[in-house]
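Peer 1: Please find one structure pasted underneath; my questions will follow.
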Amino acid sequence: MKYLIANWKQNKGLFDISSWLDLYFDNIEGIDISKVKVIICPPFTLINELVVNLSQRDHLFIEIGVQNISKYPSGPHTGEVGFEQLPEQVKWVIIGHSERRIDGEDNESINEKIRLSLENSKIPIVCFSEIDQYNEVSDEFSSQVFFAIEPLSAISTMGVGKPETIDNIKKVYDNVLSENFIYGGSVDDKDITNYINEPYIKGFLVGGASLDPIKFAEITRKIAQ
Ligand code: 13P
């Protein structure tokens, strides 16, 4: 079983959900869904629409995640969204994405968000782009989270958007004390073939290519082969 996580970032609106799902499901017809767990992380504003659309289609094998979470349970925190406000269908939380670290997300807040996620029975996907950031995650969480290595130079919208080499990913993996090891950075329907045969890569965090349901379906199909 591999994990395929779509990070839609700050993209898409209410009226995109239905057509995205229509095209996606049309294009994954016949695949073995026991081989891949698909997790969609839309912006907060689209979570309910996604929950409703997925339940109407009886495609509950797709799970839902969020791209960030408040480090506070609730209260006077303007602009924040906390666990108490999420529908129960949300099971995953991306934490510490490099695009948030650049905006000032620090290690203390990342560890607090991981702690709150676990307390609320959500699975954290903790992103890091250098091993120092990985080392700042408290050891107590190591066995309970997914770690996603996303080198800055590999993210399609930052740096040069150059997919990381297998050798470099393996070097990072050798320093990570977790079997839940995910790669992200310019993964698309073609490059995915470079990575799928690496047994230690348990899944993929996909930005740009997840916005296109046909490309994302093709990635799903290749992983499920
Ligand atoms: P791209 O797939 O667009 O390079 O984005 C990677 C990423 O940041 C996913 O979280």
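Peer 1: Along its principal axes, what span do the Cα atoms of the chain show, with the longest given first and each in whole Å?
Peer 2: 44, 43, 30
Peer 1: Output the Cα-based Rg and Dmax of region 22-64 in Å, rounding Rg to one decimal and Dmax to a whole number.
Peer 2: Both quantities, over Cα of region 22-64: 10.8, 31 Å.
Peer 1: Over the heavy atoms of Lys12, what accessible area does a 1.4 Å probe trace out, to the nearest 10 Å²?
Peer 2: 70
Peer 1: Additional query: Using each residue's phi in region 175-182, evaluate 6.51 cos²θ - 1.76 cosθ + 1.60 at θ = phi - 60° and report the 3J(HN,Hα) Karplus result to the nearest Hz, with x for Gly and Pro.
Peer 2: Couplings: 9, 10, 8, 8, 7, 8, 10, 10 Hz.
Peer 1: Can you tell me the dipole magnitude for region 89-149 around its Cα centre, using point charges on the Cβ only (Lys, Arg +1; Asp, Glu -1), in Debye to the nearest 20?
Peer 2: The dipole of region 89-149 has a size of about 400 debye.
Peer 1: Can you give the local net charge around Thr45? Use residues other than it whose beta-carbon is closer than 15 angstrom to its beta-carbon, Lys and Arg +1, Asp and Glu -1.
Peer 2: Neighbourhood net charge equals -1.
Peer 1: Where does each of Leu205, Leu86, Leu211 land when they are ordered by accessible area, with a 1.4 Å probe and the largest first?
Peer 2: The ranking, largest first, comes out as Leu211, Leu86, Leu205.
Peer 1: Still on this structure, please answer the following. Net charge near Val187: determine it from the other residues with C-beta under 13 Å of the C-beta of Val187, scoring Lys and Arg +1 and Asp and Glu -1.
Peer 2: Charge balance near Val187 sits at -3.
Peer 1: Starting with the highest mean, order 71-82, 36-47, 191-202 by the number of other Cβ atoms within 10 Å, averaged over the residues of each peptide.
Peer 2: Ranked from most to least packed, the peptides come out as 36-47, 191-202, 71-82.
Peer 1: Based on the Cβ-Cβ distance of His77 and Val51, what FRET efficiency does E = 1/(1 + (r/R0)^6) give at R0 = 30 Å, to the nearest 0.05?
Peer 2: After rounding to 0.05, the efficiency reads 0.80.
Peer 1: Measuring from centroid to centroid over Cα atoms, what is the spacing of region 39-102 and region 151-182 in Å?
Peer 2: The two parts, judged by their Cα centres, are 24 Å apart.
Peer 1: In a GNM of the chain with a 10 Å cut-off on Cα contacts, which of Gly185, Gly96, Gly13 has the highest mean-square fluctuation?
Peer 2: Gly13
The values are calculated or read from the model by the stated rules, or taken from the named source; none is laboratory data. Note that the coordinates shown come from a computational prediction; the quantities given were computed from them, not determined experimentally. Glycine gets a Cβ as well: all are built from the backbone with ideal geometry, and neighbour counts include every protein chain shown. Ligands, DNA and RNA are excluded from the accessible area calculation, which covers all protein heavy atoms including side chains. Shrake-Rupley method; radii C 1.70, N 1.55, O 1.52, S 1.80 Å.
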